[in-house]
1. Which net charge results when you count Lys and Arg as +1 and Asp and Glu as -1 among the other residues whose beta-carbon is under 15 Å from that of P326?
2. Roughly how tilted is helix 366-378, in degrees to the nearest 10 and between 0 and 90, from the longest Cα axis of the chain?
3. At E53 and V416, where each label point lies 7 Å from the Cα along Cα→Cβ, what is the point-to-point distance in nanometres?
4. Compute the acute angle (0 to 90°) between the alpha-carbon long axis of helix 139-152 and the principal axis of greatest extent of the alpha-carbon atoms of the chain; round to the nearest 10°.
5. Considering only DSSP beta bridges whose two residues both sit in segment 190-332, what percent are antiparallel, to the nearest 5?
6. Report, to the nearest 10°, how far helix 39-50 tilts away from the longest principal axis of the Cα atoms in the chain, using its own Cα long axis and a range of 0 to 90°.
7. With r defined as the distance between the Cβ atoms of H45 and A438 and R0 fixed at 60 Å, what FRET efficiency is calculated, to the nearest 0.05?
8. Can you give the accessible area per residue of segment 201-320, in Å², using a 1.4 Å probe?
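The values are calculated or read from the model by the stated rules, or taken from the named source; none is laboratory data. Small disclaimer: the values here were computed from a predicted structure and weren't measured. Please note: Cβ atoms are built from the backbone with ideal geometry, for glycine as well, and neighbour counts cover all protein chains shown. For accessibility, only protein heavy atoms count, side chains too; no ligands or nucleic acids. Shrake-Rupley method; radii C 1.70, N 1.55, O 1.52, S 1.80 Å.
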Amino acid sequence: MTERISAREAIALVTDSFAELPSSDGGFPPDGPLSWKGYGEARAHAADRTGEEESVVCGTATFGTASFGTTIDGRAPLGPVTAVLVAFEFGFLGGSLGERTGDRLEAAYDHARTHRLPVVSLVATGGSRMQEGMLALTQLQRVARQSALTREAGLAQIAVLRDPTTGGGWATLGAGADVTLALPGAQVAFAGSRVRPPDADPAAYTAEAQVAAGSVDALVPKDGLREALALWLDLLTRPADGAAPVPAALGEATDLPATGWDAVRRARAAERPRAEAYLDAYFTRRVAIGGDRCGGTDDGVLCGFGRAHDGRTVAYAAQRGTPTRPAGYRTAARLVRMAGRLGIPVLTLVDTPGAANDALAERQGAGAAIADLFAAVATARTPVTTLVIGEGGSGGALALAAPGNTWATPDSYFSVIAPESAAAILKRPADEVRATAAQLRLRPQDLLDLGVIRGISPHRTGG
């Protein structure tokens, strides 16, 4: 369990300044809407102990860039970001949601949309307030609607999960955010600690478990939250104009492959630059999202947002040369759709021998995941730029490629299927694989002649 801090301490930990929004909490009968004996007394005791009148504190806050650098490539910073901030006070009846909590959250989201501000939630809650019964539970519908309206408005939502984050607070503000961060060791689960099966594994109800399951993007230690939130807000609110520029080729090969098999050999070479090298060259800073929000992760696909050298944000989804698993396709689709909502252009890097084809991949819905990514790219709200940097293996690679704006490096290939598989399907002997590669016309120059790609990326010059 991580250290628990109050709402005001959490606010001070991550913000440069904070101004609380005025509240218009309605009056309650002494024991609340259900006449729950002792409820009024419990509220009064919670207020005396915490100094708060409700379980959430809402306001506007500034998050500065000073914590992660005062200049961008020698230029002045773009300036601090203002956001609506919601902080839960767990000391007030376990940070539970009641009608007044819903009133405050709705007002905060409305303020965010009116003033075009992102929303940051510092969540620490045990769920809905029993003393208000179903009236408390229905606040989740109010919160879900406010979150959905804010998403439709193109405003970013970031959640930080403190200890504990359980019940409806996790299932709305936490899991429903665009980006979800968590403090290491925090309890994060839909089921609270007192309602779990007696033999339940406690490790399954942690922030670490939610990261492994693809439901939380990253663990951030308490002393790193200020910088992390400032960077995330900076990136999600500074979109680049137009399409992402095509990265320069990084490989040593500047000439084009003489044969199809030469192209395959180059793309499979261990020393060829991989996704990390391209992302490092393209961005000055970047942050990653993790997980498909469906229970899966894939280390073979890197997704996130980065600051390009002009100081503006480009989203990225990059394959790392391994067979892509269903979770990788779903995470990339999540990235493309999020970038579209926020007006951020997307860069994709294609490098895979193909989609994972084992039995587990089929059970995890490989076909549906690939279809979902095809749909996300085809209907993207912002421009998508693609560079094939290595192997382009069949539909598993094509799903990440932008129609009409795909480029290739000199040490790459793109093929309907790998030459070995093509030969096997055609019942050709192994010694005809190289000839089959030539017939597939998979070299960068072949792809350009066929109109499959827009161009061949120029080689990087200079240091």
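1. Values: positive: R293, R325, R330, R334, R363; negative: D292, D298, D299, D358, E362, D372.
With Lys, Arg at +1 and Asp, Glu at -1, the net is -1.
2. 90 degrees
3. So the label points at E53 and V416 sit 7.1 nm apart.
4. 40 degrees
5. If I count the DSSP bridges inside segment 190-332, around 95 percent turn out antiparallel.
6. 70 degrees
7. Plugging the Cβ-Cβ distance into 1/(1 + (r/R0)^6) gives 0.15.
8. 40 Å²
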